[in-house]
1. About its Cα centre, what dipole magnitude does the range 289-359 give when the only charges are +1 on Lys and Arg Cβ and -1 on Asp and Glu Cβ, stated in debye to the nearest 20?
2. Tell me, what is the FRET efficiency for Y256 and E327 to the nearest 0.05, using R0 = 56 angstrom and their Cβ-Cβ distance as r?
3. Using the alpha carbons of the range 192-330, what is the convex hull volume per residue in cubic angstrom, as a whole number?
4. How much length would be gained if the chain were fully extended between N387 and Q212, taking 0.36 nm per residue of separation minus their Cα-Cα distance, in nm to one decimal?
5. So for the range 153-225, what are the equivalent ellipsoid semi-axes in whole Å, largest first, each being the square root of 5 times an eigenvalue of the Cα gyration tensor?
6. Can you give me the distance in nm between label points at M239 and E275, each placed 7 Å from the Cα along the Cα-to-Cβ direction?
7. If the viscosity is 0.692 mPa s and the temperature 37 °C, what Stokes-Einstein diffusion coefficient in µm²/s follows for the range 246-305 when Rh is the Kirkwood radius over Cα pairs?
8. What full-extension length gain, to one decimal in nm, is calculated for E432 and Q376 as 0.36 nm per residue of separation minus the Cα-Cα distance?
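Please treat every number below as a calculation from the coordinates, not as lab data. The structure presented is a predicted model; accordingly, all values stated were derived computationally and were not measured. Quick reminder, even Gly has a Cβ in these numbers, built from the backbone with ideal geometry, and neighbours come from all protein chains shown.
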Amino acid sequence: MINIPLSDLHKDKFYEQTLQVIEDLCEEYQLNNSFGVISMANQVVADYLQGVDNDPLLEVNFQINSEDLSIQYAVSDQTLSGVIPFDEEQFGLLGKFCDNVEYNSDNKSLTFTFLVKPKLNNVISHTHTNIMNKKVSSKVGYYLTLLMILISSITVSAQKYNVLFIGNSYTSVNDLPQMIKKVALSAGDTLTYYAHVPGGCTFNQHVTSAAQYIQQGGWDWVVLQEQSQLPSFPPSQFMNECYPFAQELCNMIRQYNPNAKIAFYMTWGRKYGDEQNCQYYPPLCTYEGMDSLLYARYMIMAQDNNAYVSPVGRVWHTIRDNYPNIELYQSDNSHPSLSGSYAAACSFYSLLFQKNPSNITDDCSVDAGVASTIRQVVTTQVYDSLNKWMFIADTNTISVEDYESSSLNVYPNPANNTIQIQYSFTDESSIEVTNMQGQLLYISKPGSVNVFTLDISSLEDGLYFVRITEPGNVTSVRKFIKSSL
């Protein structure tokens, strides 16, 4: 156990120093800190500290075991006397990502707990070892090999999509839509498009400026890219200046294009952080801080709007970590180089067409070796984890909107091993869990309780629904995300 008392950290350095400790521990113990939850925790705690006159008592505890890293932020102060664990005004964003929240009314403390899981490559290595240790007859091995050859030889039918791109210079630089069209064509697929991408344009501005293109109709996909800095700004600014306009755009898209799919274009942190706004908001002072906030905010917008995410920022992060010689940035340390745009194009191809980017044969003037490496990264980060980037419900099987005003609460969300289901249960109440296809995965009668703990560790990562039924009626529905990160 490693304890870091607040006395050892200056307020302005809290975010940066604790994040560095976390990054060092993740590297040392081969843990995966890719979901951005730790940065969100640092952000909210740092914001809280900035708003109090006297420093509250604070501890950050790190505990390593063989399976994960547990990180706890414990804040104690008299001003917490009126705070409840799920006060959305103060801790709403953090509550979406933490694994557990505990409020102790006796000593006025609030503790947030996060789990960081092992990196995927370790899991794969371990699984591979187990398989190799099993005794498999040569005949079985032969048929397995033959099956893999047959599967790999199957030709997936060509697809054609009409796509509307709504964004700004991050989309227009290097003509990203045209690049996506070229890589798709090289893989046997067709993309037609229109791009509305005025420089620096925000979702707020797009509500008006892009309306005519949305209302034109006939789009198979609509891609939404926010101004490059805005989603990483402080929570109140994000919730007021970005989030509601993302929702308004999604509603407009579905009104005029009922069959269209919506994809958020997750962008990346600037090479050395947002130097322009660092002085106003310390989390933006580093690439890691800015990038993790962009990741978390785009995931929130996609989740809450039943949309997809093209995780270009995650692809860039992996390339930066593992292939530092690949230059993704232009000289302004913000806009994408040709290689950076190629990484985005391959990510979009994999998401839009739901196909392996290894089928792409056009390098788009990028060095052949670099282009091959980028496609490999996109394969592991996007194609191999497509369910992670899809927040789509089958509206024919369940309707969440009909029950949004109910008293059901599900937390944490996203969750890893367990979720807490808060509801005024009776002896007749039933809990059901279904997947996006409406398949019933779990059913139970919890009895007359107010909070029920449900083990979701066996579920695959993805979007699920909790619904409460009383005799003959579904009364409440909530979405939740299972994420093993």
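1. 200 debye
2. Details: r = 40 Å, r/R0 = 0.72.
Here the calculated transfer efficiency is 0.90.
3. Expressed per residue, the convex hull around the Cα atoms of the range 192-330 is 117 Å³.
4. 59.8 nm
5. 26, 14, 8
6. With each label point 7 Å from Cα toward Cβ, the separation is 3.3 nm.
7. After rounding, the answer is 253 µm²/s.
8. Details: separation 56, 0.36 × 56 = 20.16 nm, distance 3.90 nm.
Roughly 16.3 nm would be gained on extension.
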